[in-house]
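The values are calculated or read from the model by the stated rules, or taken from the named source; none is laboratory data. The model shown is predicted, which means the values in this text are computed figures rather than measured ones. FYI the Cβ positions are ideal-geometry reconstructions off the backbone, even for glycines, and counts take in every protein chain you see. Quick note on the areas: whole protein, heavy atoms, side chains included, nothing else; ligands and nucleic acids left out. Shrake-Rupley method; radii C 1.70, N 1.55, O 1.52, S 1.80 Å.
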Amino acid sequence: MFKILIVEDDKELSQLFQKVLEKNGYQVKCASDGMQALETLDTAYIDLIISDIMMPVMDGLTATKTIRSLKHPDAETIPIIAMTANAFREDKEKCLAAGMNAHLAKPIKIENIKRILYEYCV
């Protein structure tokens, strides 16, 4: 089963996203900030990360840069998808420069999620 980590500080959005993904057959773990995401990667195998950008403790860009620099075997290759209200071209470029693979703008459209999951989960 494909394992997804959702990194999102909005608890309601995180729970909703988790339910949608689980309903579609994915196993989901949640973290409320980048630091919790790093802790999760230390203890669980994750196939894909979907991360908010603006969060307390550690933001998504810092978390992504940190993940990419880890000695973890999947650190350089695990897909990390930005999920953010920052939808300008410059925002997308910042996400990609930090090491993220793709950018989803909020509000998230289900067809965009499906496209991303199909691209990275097959």
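Here are a few things to note about the model shown:
- Helices (runs of 4 or more DSSP H) wholly inside the range 26-99 containing at least 3 residues that are open to solvent by 20 Å² or more (accessible area, probe 1.4 Å) and touching a helix residue (DSSP H, G or I) at 6+ places or on another chain (Cβ under 8 Å): 60-69
- In the range 1-25, the residues that are assigned to a helix (DSSP H, G or I) and either touching a helix residue (DSSP H, G or I) at 6+ places or on another chain (Cβ under 7 Å) or open to solvent by 70 Å² or more (accessible area, probe 1.4 Å) (or both): Lys11, Glu12, Gln15, Leu16, Lys19, Glu22, Lys23
- Within the range 100-109, the set of residues being in a loop (DSSP other than H, G, I, E, B) and either within 18 Å of Tyr120 (Cα to Cα) or open to solvent by less than 60 Å² (accessible area, probe 1.4 Å) (or both) comprises Met100, Asn101, Lys106, Ile108, Lys109.
- Per-region count, the range 92-112, residues over 19 Å from Asp9 (Cα atoms) and in contact (Cβ under 8 Å) with a residue 24 or more places away in the chain: 4
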